[in-house]
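Below is one structure, written out as structure tokens; the observations come after it.
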Amino acid sequence: MNMNLSFGSWLIGMSLGAGGGILGMASGMFIVLATTTFVAALLYAVTGFGFAVLAAPIFLLFTDPAPAIQLVIIISTVLSIVVLRGLLPAIAPWLLLRLALGSLVGLPLGLVAFRYADPFLVRAAAGAMIFGFAILMAVSRRRSGQPGHGKHWTAFAMSPGLDLAAGAVSGIAGALVGQPGPPVLIYLLLAGTAARTVRATLLAFFALSYGVTLASHAATIGIAAPTWLAAGILIPFAFLGGLAGRPIGDRLGAEAFAKLAIALLAMAGAYTLGAAAVAYATA
């Protein structure tokens, strides 16, 4: 099913009061996409990460990869700004600045790769790395809670250079696969950053990086009118999910946050790796 045709048919049918046929299919698709957007936005508000993990697989069922990624980017840009309200005091401003500067360096590389790189290899490599890091962090945190180990495990101390590097990798990933979150989240979790700071800084970083990525896509690759239209229809459901998830995130403890974040990383890696395998098998 093509998302552009279905959304157009759905809008026309709604305006004319028609029913059945293609309208029925499009209405069913709208319910699925709206529900997915709401749930993904709620999860995003709770953790500061995860919208693309849930939304992208569903969006990809109804459209080609490029419009699906652009739809994720558009909705995430708006959602980040909405959810960020109330978390501003928890942002680490200098960390945010270095991540943003690194992202600006990595973004052009990601755009070039988006246009020319082999999508199978890119997705497979990205998925394998994200999944591997998630497993590593899960095992390490479990061992750190055993007798003879420290209560909190961290892999390294943060530094300005590492902040910039994490931002650069995130910029590449954002333009290439629509998921700038995993590199930064992995970095902050490995460094043992406080949960509220992780959540607030991620949301602020996404508001900046997604906004720049969106502008870059529009200027260099182009975003079709039906994609903008679909995003405009789904954004109110993202608002509702974000507003519902924010108080849940405020009450989430550090350990629960870490476990949920690692689970989301594992899902993101497994999905990206699986999508590459399916695309390769059906090519």
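The numbers here are math on the coordinates, done by the rules we state, and not lab data. From a predicted model like this one, the values you see are computed outputs, not experimental measurements. Counting neighbours? That spans all protein chains shown, and the Cβs are built from the backbone with ideal geometry, glycine included.
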Given a Förster distance of 30 Å, report the FRET efficiency between THR220 and LEU136 from their Cβ-Cβ distance, rounded to the nearest 0.05. 0.30
So what's the gap between the Cα centers of the stretch 210-278 and the stretch 40-107, to the nearest angstrom? 5
Zone residues, the stretch 79-93, relative to ASP250, backbone N less than 16 Å from point 7 Å out along Cα-to-Cβ: 82-91
Packing-based order for 44-53, 264-273, using average beta carbon neighbours within 10 Å, highest first: 44-53, 264-273
Model label zone, ALA279; criterion: amide N under 15 Å from point 7 Å along Cα-to-beta-carbon; scope the stretch 63-91: 63-72
